[in-house]
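Data first, discussion second: the structure below is written as structure tokens.
Just so it is clear, none of the values below were taken in a lab; they were calculated from the coordinates. Model, not experiment: these values are computed from the prediction. Note that each Cβ is placed from the backbone with ideal geometry, even for glycine, and that neighbours are counted across all protein chains shown.
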Amino acid sequence: MPESHFANTSRDAALRERAGRVIPGGLWGHLNAARLPEGYPQYYSRAEGCRLWDADGREVVDFMSSWGPIVLGHHHPAVEEAAQRQAALGDCMNGPAPVLVDLAERLVETIPHAAWCLLSKNGTDATTACVTIARAGTGRRKLLVARGSYHGAVPWCSPSMAGVTAEDRAHLLFYDYNDADSVRAAAEAARGDLAGILVTAFRHDMARTLDLPAPGFAQALRTICDDQGAALILDDVRAGFRLHLGGSWETLGVRPDLAAYSKAIANGHPLAAVTGREWLRRAATEVFTTGSFWCGAVPMAAALATIAELHRIDGPARMRAMGQRLRDGLAAGAERHGLAILQSGPPQMPLLQFERDVDFRLGEAFCAAALAAGAYFHPRHNMFLNCAHDAAAVDRGLAAAEEGFAAVARLSP
């Protein structure tokens, strides 16, 4: 396909122009395609499995999976059948449907640390509830967070300081991911007032190489929380149900006191969850958490079907295998073109970077050319495999990546 294949000249361009008149900035947050290389579409007409069609009808293999919520594949039949069946009965009612209890029981059965769970809508809801419960349960204020980590889009944790006051973050102390000594120093500074330590499943900061958690680091956080009577909070919003069905730190042998889930929990239906240990049950009943649509039954039915299917097919293992196939193919392609690349993160959630590409010029050239050839990669953010990525889809993506590597080779000295 020519590079102009994805030029924003038709329906997509018209939609952007209309949106710019009625939506500040045209769109908000990470979903704004203005932040991506030229040629990336903003609007999409449909999706199926691991494929997307933009508003102008052009098809790509999707390696972002809606930035994480799609874990089984777009329009998975078992999930959509469960959602439609519940929708025919009722969704937003005066109280929850019985599926609320079914889903809560399934989450507690699935996640080893969980004695209870609460449901909401967004990852920000879940991380904020975790912080609030930790403070209520300990009677303390201080929270340790890793520098550069993303935990949501409200004043206490937003990456933007616009509209945020110093008071919103007055009780945050910072540490460096995978640096146990920096955590110990921050915990000592908070001694007597430490409510909890918040940590992501792995370091997935935007635009930098991803780091998996070192076992000693994870154990150090658990020990500090145990010694100080604080809550270890795992932000599993991004990685939950992709790396391990019991929680992303299960493979490390470290279990949190609280965990936040969203994204993949309901295969694209709006839902989030907080899970917690028994000692925080009372605190979870005392804090006030609610939302107008938090008891919506359709996403809960979708989540129940999603979790059942992930168990049935061992979804994390399937995504790991296809992610490794992608990673191996990208390594081979880069070598064929004489290019030095960096691949980081777990195979299910990979990031591809080019060495010495400090301004992302090479990464953007790769992604733009691969997109024109039929694969949606991202130059700065970790990508997301889903269970609909089979060998044929991955190989199609690798064929598009060849065009990306060729474009980078033309730019390289």
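Note on the chain: Cα-Cα pairs beyond 33 Å make up 35% of the total pair count.
This ranking places Cys367, Cys225 by how few other beta-carbon atoms lie within 10 Å of each, fewest first, which gives Cys225, Cys367. Using C-alpha pairs under 8 Å with a sequence gap of at least 6, the mean separation divided by the residue count of the chain gives a relative contact order of 22 percent. Taking Gly163, Gly268, Gly315 in turn, the Gaussian network model of the chain (Cα-Cα springs below 10 Å) assigns the largest fluctuation to Gly163. Note on the chain: with a GNM built from Cα contacts shorter than 10 Å, the maximum mean-square fluctuation among Gly216, Gly25, Gly137 falls on Gly25. What separates the Cα centres of segment 57-130 and segment 219-276 is a distance of 16 Å. Using the Cβ atoms and a cut-off under 13 Å, what net charge is assigned to the surroundings of Leu173, where Lys and Arg are +1 and Asp and Glu are -1? Cβ neighbours under 13 Å give a net charge of +4. Relative to the longest principal axis of the Cα atoms of the chain, the long axis of helix 99-110 makes an angle of roughly 90 degrees.
When all alpha-carbon pairs of segment 234-283 are counted, what percent fall beyond 19 Å?
Of all Cα-Cα pairs in segment 234-283, 25 percent lie more than 19 Å apart.
Note on segment 77-313: semi-axes of the ellipsoid equivalent to its C-alpha gyration tensor, largest first and rounded to whole Å, are 30, 19, 17.
Residues Thr200, Thr127, ranked from the fewest to the most other C-beta atoms within 10 Å, line up as Thr200, Thr127.
Computed from backbone phi with θ = phi - 60° and the Karplus coefficients 6.51, -1.76 and 1.60, the 3J(HN,Hα) list for segment 260-272 is 10, 10, 6, 5, 7, 5, 9, 6, x, 7, x, 7, 9 Hz; x is used for glycine and proline. Couplings 3J(HN,Hα) for segment 237-247, derived from phi with the Karplus relation 6.51 cos²θ - 1.76 cosθ + 1.60 (θ = phi - 60°), are 4, 7, 9, x, 6, 9, 8, 6, 5, x, x Hz, where x marks Gly and Pro.
Among His204, His269, His311, which one moves the most in a GNM of the chain with springs linking Cα atoms closer than 10 Å? In this elastic network of the chain, the residue with the biggest mean-square fluctuation among His204, His269, His311 is His311.
Once C-alpha pairs closer than 8 Å and six or more residues apart are averaged by separation and normalised to the residue number of segment 77-313, the relative contact order reads 33 percent.
Fewest neighbouring Cβ atoms within 10 Å first, the residues Val99, Val199 line up as Val99, Val199. Phi angles of segment 198-204 translate, via the Karplus equation with coefficients 6.51, -1.76, 1.60 and θ = phi - 60°, into HN-Hα couplings of 9, 8, 7, 4, 8, 6, 10 Hz per residue; Gly and Pro are given as x.
A DSSP coil position with no more than 12 other Cβ atoms inside 10 Å describes the following chymotrypsin sites (Phe, Trp or Tyr not before Pro) in segment 241-330: Phe288, Phe293.
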